[in-house]
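Enquirer: Below is the structure I would like to discuss, written out as structure tokens.
The values are calculated or read from the model by the stated rules, or taken from the named source; none is laboratory data. Quick caveat: nothing in here was measured; it's all calculated off a predicted structure. Heads up, the Cβs are rebuilt from the backbone with ideal geometry, glycines too, and the neighbour counts pull from every protein chain shown.
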Amino acid sequence: MTQTVPRAEATQPSPAAPAGGGPAPPRVRATWRALRGYIRPYRAPIALGGLLNLAAALLVLAQPLVAKALVDALGRDGPVTGIVLGLTGLVFLGMLVRAAGQYVLERAAESITRDARRQLAARLMRLRVAEMDRSRPGDLMSRVIADTTLLRQVTTQALVSAVIGGLTLVATVVLMAVLDAPLLGVCLAAVVLIGCCVTLIMPRIAHATRRVQESVGAAATVLERAFGAFRTIKAAGAEAREAAALDEAVDEAWHGGVRVAGLRSVASSATGFAVHVAFLAVLGVGGARVASGAVELSTLIAFLLLTFQLASPVGQLVEAAAQYQAGSAAVFRIQQAQGMDVEQPSPGRPGTRRCPATVEFRRVDFRYRAELPQVHRDLSFRAEGPGTTAFVGPSGAGKTTVFALIERFYEAVGGTVLVNGIDVLDWPLAGLRASIGYVEQDAPLLAGTLRDNLTCAAPDVTDDDIRDTLARVQLDALVDRLPDGLDASVGHRGNALSGGERQRVAIARALLRRPALLLLDEATSQLDAVNERVLRDVVADIARDTTVLVIAHRLSTVATADQIVVLEGGRVRRTGTHRELVEGDALYAELAATQLLAEPGARRPD
Ligand code: ADP
Ligand code: MG
């Protein structure tokens, strides 16, 4: 199995990105293919539900015939009680069969929604980081949660309605033809009228539904932004503004929803109206035919009942068409998200893990997107273990990006990034990341418990491992203090912990992975003295048998590093030890003198 890995990130706007003017409407055949895929695992229950519904419909259809027998019996003093009991039994049985059919179908519908959600969520988890960078998470969430609910109706109810409606319509028409052919002609004129009207309305329903779903996505985006930076919103006093930002999206959804409601009600009232017109016409023409003795009164009554019953299959067909339109709007949005660029688990030799790891950049060029300035140019360095390599440089020099390239969150545009002498693009992706422990700069934690946060990177560690590691980063006292211990909640993004605690949890998480390579992006904010000492001790300890790459903002970190790489404007400016650099490099001396390595001379790459 060979697979080519695309070198450069795709530069086209993502399908989920806001597209001016709206993308082209879904193609009917593509929609069908997608729907068939969702339906396939549930063919049996849907068929069963369909048959039960069909049986219920046939039982309803039999009622006018029994009614005709009743009228005939009344005229001839026949066995009325038996017929009445039979009719009642028929109605009751019809109800039972319909209920069973309904349940089987609803169950399949729920399963299809669940499957679609699972599939889409699993796919989105594999998105490339670059693709996530340019998408709107709120909109993606609404595709997983809201759009999938629209599949429910179209894959089961609408399908069955269409089949049953169609069959019932045919059966009704055949019965009518048997009863009296000329009267059937009168009826069919009305049915054709409905068909024309509905054909005009349906595409508009699809369009309006898509508008609703897009606005729901936009509303989710607004909320996600506000809830994701809640303290910022409060501090800025921007609550009302954020709430108002929702108005537009919510209004748009309202307009779309009202339009769908309007179109549906026009379609269904047109259906009802046409059936009434047909009824009156049949009554008029049929009355004349009864008077002239061409048909019997009981035949006319049966025919009139059948005419009224036409409303049901025709209504079913119209409703099924409307549901298909709504479903196709959802399928379009789901397929769009399914089509986003995901990471390929590149094939590679397993067992390339080696501890301590080596990292080498060979003439790496990198930019995040074609239209953005270059971040790395011709960047080369080599870091070996055991030991610490520190990266220093002004803000925006491309330090964090170095780590992102090692983790293969992005792929270099030119040059090669090697881990253990192997191009990261040739590593099996999971294997590469399993060798690395990565502590991000702002150490974001996942909402959930401390234990979740510690074990998410290493699911099979024992409680003893966790305790030992917590002791290493001196968090054991904190855990003992918390009433729920390891099961205490850390809040949204770890809000319930201090910055220093968050960072230490993130380090513990990375250590539990037993990494061959530790990437540590130091926090720029001044953390307390305890934190700084813990950090220094832990790093020194790990560096004894592991390769540690640290983006340093503190003198205490660089002073003990085995090698320091000074980055400026995406290039290596100088490499050496602290002592060598203080004497030999002006920028480094300046950074070191102020102790605040991030601030002075901060500049962006040109
Ligand atoms: P440092 O860590 O040295 O401060 P970074 O590596 O974070 O710098 O960023 C280098 C440059 O790349 C900066 O100009 C930054 O604005 C830009 N950049 C960082 N991340 C992204 C991203 N996800 N998309 C686009 N540009 C980015
Ligand atoms: Mg950074």
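Enquirer: Would you please list the contacts, defined by Cβ atoms under 7 Å and residues six or more apart or on different chains, that run from a residue in the stretch 185-202 that is farther than 21 Å from residue 171 by Cβ to a residue that is outside any helix (DSSP H, G or I) and among the charged types (D, E, K, R)?
Expert: No pair meets every condition.
So that you can scan it fast, the table gives a plain yes or no per residue for (1) more than 16 Å from ligand 2 (Cβ to nearest atom); (2) over 17 Å from residue 472 (Cα atoms); (3) aliphatic (A, V, I, L, M); (4) in contact (Cβ under 8 Å) with a residue 12 or more places away in the chain:
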| position | (1), (2), (3), (4) |
| --- | --- |
| 490 | yes, yes, yes, yes |
| 500 | yes, no, no, yes |
| 510 | yes, no, yes, yes |
| 513 | yes, no, no, yes |
| 536 | yes, no, no, yes |
| 553 | no, yes, no, yes |
| 557 | no, yes, no, yes |
| 562 | yes, yes, no, yes |
| 578 | yes, yes, no, yes |
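Enquirer: Which members of the stretch 520-544 meet the condition of being away from ligand 1 (no atom under 16 Å from the Cβ), surrounded by fewer than 19 Cβ atoms within 10 Å (Cβ to Cβ) and not small (Gly, Ala, Ser)?
Expert: 526, 528, 530, 532, 533, 536, 537, 541, 544
Enquirer: Based on this model, can you work out whether residue 333 counts as surrounded by fewer than 24 Cβ atoms within 10 Å (Cβ to Cβ), basic (Lys, Arg) and in contact (Cβ under 8 Å) with a residue 12 or more places away in the chain?
Expert: Judged against the criteria, residue 333 is not a match.
Enquirer: Taking strands (runs of 3 or more DSSP E) that do not extend beyond the stretch 376-483, which have at least 3 residues that are more than 28 Å from the chain's Cα centre (by Cα), surrounded by 22 or more Cβ atoms within 10 Å (Cβ to Cβ) and assigned by TED's automatic domain parsing to the domain that holds residue 552? Break it down stepwise before answering.
Expert: On the way: elements: 376-383, 387-392, 414-419, 436-439.
The strands (runs of 3 or more DSSP E) meeting that bar are 376-383, 387-392.
Enquirer: Given the conditions (1) over 23 Å from residue 542 (Cα atoms); (2) away from ligand 1 (no atom under 16 Å from the Cβ), which single one is not true for residue 353?
Expert: (1)
Enquirer: Would you mention how many residues in the stretch 396-415 are more than 16 Å from ligand 2 (Cβ to nearest atom) and closer than 12 Å to residue 381 by Cβ?
Expert: 1
Enquirer: What single numbered condition from (1) part of a helix (DSSP H, G or I); (2) crowded, with 17+ Cβ neighbours inside 10 Å fails to hold for residue 99?
Expert: Among (1) part of a helix (DSSP H, G or I); (2) crowded, with 17+ Cβ neighbours inside 10 Å, the lone unmet condition for residue 99 is (2).
Enquirer: Within 25 Å of residue 206 (Cα to Cα), touching a helix residue (DSSP H, G or I) at 6+ places or on another chain (Cβ under 7 Å) and assigned to a helix (DSSP H, G or I) - does that describe any residue in the stretch 281-299?
Expert: For the stretch 281-299, residues within 25 Å of residue 206 (Cα to Cα), touching a helix residue (DSSP H, G or I) at 6+ places or on another chain (Cβ under 7 Å) and assigned to a helix (DSSP H, G or I): absent.
Enquirer: Closer than 24 Å to residue 395 by Cβ, of a type in the set (A, V, I, L, M, F, W, C), touching a residue at least 24 places away in the same chain (Cβ under 8 Å) and part of a helix (DSSP H, G or I): is that true of residue 523 in this structure?
Expert: no
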